[in-house]
Structure formats: structure tokens, C-alpha cells
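Everything on this sheet refers to the single structure shown next.
A short reminder: the numbers here are calculations on the coordinates, not readings from a lab. Everything quoted here is computed from the prediction, not taken from an experiment. Reconstructed Cβ throughout: ideal geometry from the backbone, glycine too, with neighbour counts over all protein chains shown.
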């Protein structure tokens, strides 16, 4: 095998009845070996549908999917690529009749509805909003309501991820609080909201992530027939980035490992970046005891000595342990020291422009912020656009309907369907036109004042506008508006 280290070759070509635990820092070729291991198993005649590829999140499966979706791959079944949540959903859907009865759903004869994060937030808001407005729940909490809803959902998810009953959320939060005793009331409020949401789900056949995982771990995996189905269906396991997965997932895999014909577990040392999402690197490392052989990769194929040195120093500072020395001629970290915030943003964009000038693609550059406010996003976006640098933003904690693109689509949908009797205010229409037509707010507001009258429930034609006003708006913008209106 050309281009692979001896240890990588050993991992790829080990017998198809071995269970390996492979560890190493990021960039040492673990995932590359994992992809080639899948290729090797398929080449050895292992049926694709007996291979389970498990990762903490779907984006980590992309290197494997590139192989599995390649036109050059062998014909046959399909490798199952899943997260523990995806596996829980599939199994719950397959054994719904049994799961619904055991979990206490009110309508086990009706099909389930699996909730996404967005739909879970929708139902949580539907249940919690009256408590906020009518009964004064969370009065001392000042965060945005959408963040409040998502944090209650996070508490449910973390309870399921660790494996304690959701009814103990409030007590555990309260026991960890050392501040003002008056604040403890909010934990009781959180517990009541969590209970209300779970009961609503059981009454209406709704399954959020926490309920799916609870059903899979507490009911389905404990059932002899269901466990037999899973262990007979999947005979080979590839488990990548397991250090970022949930302790509940590790517990299930620990019990499942003896049933696999072969298993390859890939673990990043000094990782644990998803800890705040429930990931547990410690319980992941303990899976090595259930494997036949442990291999550690220590040769990085991607990181410079400077970056390795930075990583070692950070790990040493966080863990209070001595760090491994790594030689480097230059510092891996630079500091931007400015007096004012706008100056700092200017320097950030200037640095990005320098990196792009050195040949680094914009897609490989990221700006991280603890909290991306609208004003910060606007300031950075303006500077990037002025420099001709393409960009995109991601705010997972923010409701999708609060994003500009989503608001625009919702506003345009309401305008296109007057029979819905949803008349958007002029403010929303102006912002929708500003975004959709790529214009400034002044022209968008002027256009809105003329073409949108709520009583008419429609947008009027640009040709109906007086010529002098058309000139103020500009004919180029009028042409784009006409195209949008006709569409």
C-alpha cells in the first residue's frame, strides 16, 4: 500500500476478526486508515450491509461517504453510516409498536413524528410561552427566549446522553448552584417545563432526540429480540472520533463489541471538543480495554511543528501536566492588540486578506466568536464584502426563523399566499426586499411604501410608479423587483 505508514497498513489489513483501538492526535492518519479499512473489508467480500459506520456527528462521515458514494466502489448493499441518534431513530421506527407501548405513548397505533431541533424548539415554545407570560416563570432570567427554550431542550438531551432520568434535571442543577438561593426557583421552573414537554411528546407521538435515545437505550437495546436483530445485522464496526461521542453511546458499544466479528475504534488524544454537548472522552478511552489490540499513531501528516507546540502548551496549561516538546521556528499564535473594537475587526479582516494572498482558500479560514450578535455579524460581513472576501455565518444557538434569509422567505411566502390571511408589516417587507434584491434599506423602504399596501394584499407593479420616483429607486432595482414580483 503506497503512501501509508507501516502502522496504517497494519490497521487496514488486520484480520477481519480483530478488534482494534487506535489512538493518536489529530492529523496522524486515523480516519485515512479507517476509510481504507472499509475499502479493504469490501474487497475481502464482506457484505456492505453488515458494516456499521458510527460517528458523533454526520459531518465526520464525509471521508467515508466519498468512498461509499464513488462510482468505482464495488456493487452490493449499502454500509450503514449513522450517529447514535440516527441509529436510535431507525431502530425506534422499525420497532415502533413495541417501543410505543413500553414507553407509554398515548397513541401507540399511530405512527411517530420525529422532531428536529427546530421543531422541538417550536413545541417547547408553544408549551413554555404561556408559563412565561401568564405565570411569571423564569422572571429573573434575562436571556433571549429562543435560547431559554433551547437550553431546556439541552438539559433533556444531556440527561439522555448521560443516562439519568429527565425528572432529576432540576435537582441536579440545584445541587450545583452556589449563588443566591432565590435563583434556585428557576431550576424548578426548568424541571416543570421539561416534564411538560416530555408528557406532551408522549401524548402526541412526538420524539425529540432525548426521547429517541432514552427509548433506544432503556427499552429497545434491553430487549432480547431487538438486540439480536442489531447484533446479527451488523457484524463489523468502524467507530471514528469516538472521544466526542456521548457516554450513553459508549455504554452501548461496550456491550455490543463482543458481538462484532471485527471492530476499528478511532480515538483522538487531547480532544474532547464536544464536551459541552455531552461528549465524554474519558468513557471513550475506556473502550480500549474491550479491544484485542491498542495501537497509537504519533506521526502527524498535517500539523506543523509550531501548531503541535501550541497544542502541547495549551494541553499542559489546562491539565496542569508537563507537555511534550515540539520544535518550531515560528510562533503558531499571533495577538492583535488594538484599543478599539472596530480597529480589532479591521485587523482581523486585514489578516484574512493576507492569508488569502498567500494562497489559503477562504473556505479554510474561520472567525470564532463566543457569541455572534447581529451587530458583530454585520460589522464583520461589511468588512469582508468590502475586501471582496466571500463569507458565510453559522449560529446554531439561534432560531432558524430569526435569520435574515429565513425571514425573507417567510415574508415572501405570506405575500404570495394572501388566502393565509397573514399580512406582514411593512418593516418585514422592506427588509425582505433589501435582502432579496441586494439593495440598501433606504431604497427598500421607499419601494415598500409605494408598492405594498396591506389592504390590497399584494405588491403593485413597478411600472405604476411615477417616473421621477422610479429614477430615485433606479431602474436596475426596478427590474430586479419586477422579476421577483413575477416569480
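Remarks
- A Förster distance of 30 Å, applied to the separation of the beta-carbon atoms of residue 222 and residue 257, puts the FRET efficiency at 0.95.
- When the helices of the chain are scored as -39500 (n - 2.57) per DSSP H run of n ≥ 4 and the total is divided over every residue, the value at 222 nm lands at -15500 deg cm²/dmol.
- Quotient of Cα Rg and 2.2 N^0.38 Å for segment 160-202, N being how many residues it contains: 1.23
- Segment 22-82 and segment 340-415 have Cα centres spaced 34 Å apart.
- Compactness relative to 2.2 N^0.38 Å, alpha carbon Rg of the chain: 1.18
- Annotation for residue 486 and residue 143: the two label points, set 7 Å from Cα along the Cα-Cβ direction, are 4.8 nm apart.
- Förster radius 45 Å - calculated FRET efficiency between residue 470 and residue 200 (Cβ-Cβ, nearest 0.05): 0.30
- Global geometry of segment 25-65, whether rounded, prolate or oblate, following the gyration tensor of its Cα atoms and the 1.5 cut on a/c: oblate
- Diffusion coefficient of segment 1-145 by Stokes-Einstein, Kirkwood radius over Cα pairs, 37 °C, 0.692 mPa s: 168 µm²/s.
- Segment 151-196 versus segment 417-487: alpha-carbon centroid distance in Å: 47 Å
- Degrees between helix 224-233 axis and first principal axis of the chain (Cα, 0 to 90, nearest 10): 90 degrees
- Working from label points 7 Å from Cα in the Cα-to-Cβ sense, the residue 177 to residue 316 distance is 4.1 nm.
- Kirkwood estimate for segment 110-207, i.e. one over the average of 1/r between Cα atoms, Å: 14.0 Å
- For segment 351-464, the square roots of the Cα gyration tensor eigenvalues, ordered a ≥ b ≥ c, give a/c of at least 1.5 with a/b greater than b/c, which places it in the prolate category.
- Residue 9-residue 117 FRET efficiency (beta carbon distance; Förster radius 30 Å; 0.05 resolution): 0.15
- Label-point separation in nm, residue 188 to residue 49, each point 7 Å along Cα→Cβ: 5.5 nm
- Cα gyration tensor shape of segment 428-487, rounded if a/c is under 1.5, else prolate or oblate by comparing a/b with b/c: rounded
- Helix 305-319 and the long axis of the chain differ in direction by around 80°, with both axes built from C-alpha atoms.
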